[in-house]
Amino acid sequence: MRQTVVLITGAAGEIGHALIRRIAEQGVEILTLDLQALPPELEQLVAQHFTGSILDEELLDRILARYEVHTVFHLAALLSTRSEFTPITAHQVNVEGTIRLLRFAQAQGLSHGHTVRFFYPSSIAAYGLPDLATKAAAGQVREEDWGRPITMYGINKLYCEQLGRYFQWHYKQLDAEPQTRRIDFRGIRFPGLISAETVPSGGTSDFVPEMIHAAAQGQPYACFVREDARIPFMTMPDAVDAIFALMEADPTRLRKNVYNIAAFNPSAAEVRDIVTHHFPGAEIRFEPDLKRQAIVDSWPAAVDDSAAREDWSFAPHHDLEAAFRAYLLPRIRQRYSP
Ligand code: SER
């Protein structure tokens, strides 16, 4: 018999770090896949880690042969800044990788007979607003609006949301034997995420976590966007809570496959002010990189997350003030204390 596990791809990344700890607390067996090894403190929490690529079909087949996977958290991706330097590779990892995982989940569903719950982290990058005047006028953007992303990563995310919906509801719709509903695809369009434990790499929303972690270590920071740059953010614990809330929600209550969520949406200057308040010596200056700024300018300043609040009771704990007081300051001070 095969062992029942949940599979996490991209497990060594920022969301993976937080998710592994929380799933392990529930006593569920975890299988992880990442190009990188897992740090030892995480590796001890998982049943098995595969160091390898999501594009490796043979590896996915080996997993299929040995494990019964009922839940997939498909986190592996190249983030938005990195993807712009290697867009074709980004497409391979972000789109080809996702379709392979969807096929893998479909095969799992057929082999064990249960629907596979598939979590997909989409992003604020799935949006594309043409200019700052439109961004200001748009206010809280709904899931249906402004789906014209300007980055390869955003385009990949938007398309993979559609792929997930296709696999769930329409896969091989003309076959004699219907193959739909083997996958229950659930996605969240995350805002920028801020973790006290890890620092992101290769994203465009990185200016906020970078600013906070630099100040906590007493290092100067040159912020790559303007003081008035504004997009939504949330803390990593709120992001992980949201993943669980969505994944545990009654399927009959879900009107969408993919939901917006956010907790606060400060300008870069407002983050600088709260950081310098808590770390009085912090040296933060603004040196906008006009190209990365243009990407941030194309993302909405706020999102309408009323569908998530109504359908699966999304309710973040941390606004900007609480994010610092109750989460970031205690954890980050502990992390960098000598
Ligand atoms: N935080 C991500 C990035 O900046 C967006 O999903 O790429």
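The values are calculated or read from the model by the stated rules, or taken from the named source; none is laboratory data. Note that the coordinates shown come from a computational prediction; the quantities given were computed from them, not determined experimentally. Quick reminder, even Gly has a Cβ in these numbers, built from the backbone with ideal geometry, and neighbours come from all protein chains shown. Just so you know, the surface numbers come from the protein's heavy atoms only, side chains and all, with ligands and any DNA or RNA stripped out. Shrake-Rupley method; radii C 1.70, N 1.55, O 1.52, S 1.80 Å.
Across the options Ile54, Pro220, Pro149, the greatest Cα extent toward the positive end of the charge dipole of the chain (unit charges at beta carbon of Lys, Arg, Asp, Glu) belongs to Ile54. Average accessible surface for the chain: 44 Å² per residue, computed with a 1.4 Å probe over protein heavy atoms with every protein chain in place. Counting only DSSP beta bridges with both residues in region 187-338, the antiparallel share comes to about 20 percent. Straight-line cross-link reach from Lys135 at under 22 Å between alpha-carbon atoms covers these lysines, not counting any fewer than eight positions away in the same chain: Lys157, Lys291. Mean residue ellipticity at 222 nm, helices only, the chain: -11500 deg cm²/dmol; runs of at least 4 DSSP H residues each add -39,500 (n - 2.57), and the sum is divided by the number of residues. Assuming a ≥ b ≥ c are the square roots of the Cα gyration tensor eigenvalues, decide whether region 277-338 counts as rounded (a/c under 1.5), prolate (otherwise, with a/b larger than b/c) or oblate. Oblate. For the chain, the relative contact order is 18 percent, taking Cα pairs closer than 8 Å that sit 6 or more residues apart in sequence and dividing their mean separation by the residue count.
With a cut-off of 14 Å between beta carbons, the residues surrounding Val199 carry a summed charge of -2, where Lys and Arg count +1 and Asp and Glu -1.
Ordering Tyr159, Phe264, Ala196 by the projection of their Cα atoms onto the charge dipole of region 148-275, which places +1 on the Cβ of Lys and Arg and -1 on the Cβ of Asp and Glu, puts Tyr159 at the extreme positive end. Summing charges over all other residues whose Cβ lies under 13 Å from the Cβ of Ile231, with Lys and Arg as +1 and Asp and Glu as -1, gives +1. Between Gln48 and Asp319, the C-beta separation translates, for a Förster distance of 45 Å, into a calculated FRET efficiency of about 0.70.
With a 1.4 Å probe and every protein chain kept in, tell me what percent of the accessible surface of the chain is carbon plus sulfur. Here carbon and sulfur together make up 51 percent of the probe-accessible area.
If only the Cβ of Lys and Arg carry +1 and only the Cβ of Asp and Glu carry -1, the dipole of the chain around its Cα centre is close to 320 debye.
Annotation: peptides 305-318, 121-134, ranked by per-residue average of other Cβ atoms within 10 Å with the highest first, follow the order 121-134, 305-318.
Averaging the sequence gap over all C-alpha pairs within less than 8 Å and six or more residues apart, then dividing by the number of residues, gives region 9-120 a relative contact order of 26 percent.
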